[in-house]
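Participant: Dropping a structure here in structure tokens format, bear with me for questions.
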Amino acid sequence: MERQAFTIPEFCAAYKISRGRLHELEQAGLAPKTYRIASKPYVSLSAAQEWQARMESGAAENFKPLPAKNPGHPGRTRTNGATA
């Protein structure tokens, strides 16, 4: 049987976006439509395709992502003194 829906992690992996970015798109009203089964959200294949068509047509052209939480932060360092 062919895929009919994505879980949120599957959708993010398939479209190469982070869950954080998906949440930002959701806040801006630009995320794909979802439905829930037993409180777990899913994105149908048709909703994913419709979302992709909207994004390709420029729907997110004016989307402004939130700034980074720690701009300029060097990242984690290892405890043995080496940097990541």
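Participant: Which ³J(HN,Hα) values in Hz, rounded to whole numbers, follow from the phi angles of the stretch 49-62 under the Karplus curve 6.51 cos²θ - 1.76 cosθ + 1.60, where θ = phi - 60° and Gly and Pro get x?
Facilitator: With coefficients 6.51, -1.76 and 1.60, one gets 5, 5, 4, 4, 4, 4, 5, 5, 7, x, 4, 9, 4, 9 Hz.
Participant: Still on this structure, please answer the following. Grab the Cα-Cα distance for Ser44 and Gln4, subtract it from 0.36 nm times how many residues apart they are, and report the gain in nm with one decimal.
Facilitator: Additional length available on full extension: 13.8 nm.
Participant: Could you name the lysines whose alpha carbon sits less than 25 Å from that of Lys64, not counting residues in the same chain fewer than 8 places away?
Facilitator: Partners within reach: Lys16, Lys33.
Participant: Given 0.36 nm per residue, what is the gain on full extension from Lys16 to Glu56 after removing their alpha carbon distance, in nm?
Facilitator: Extra length from Lys16 to Glu56 when fully extended: 12.9 nm.
Participant: To continue, here is another question. Under the rule a/c < 1.5 gives rounded, and otherwise a/b versus b/c splits prolate from oblate, where does the stretch 5-56 land using the Cα gyration tensor?
Facilitator: The shape class here is rounded.
Laboratory data are not the source of any read-out in this text; all were calculated from the coordinates shown. Here the structure is a predicted model, which means the values were calculated and not measured.
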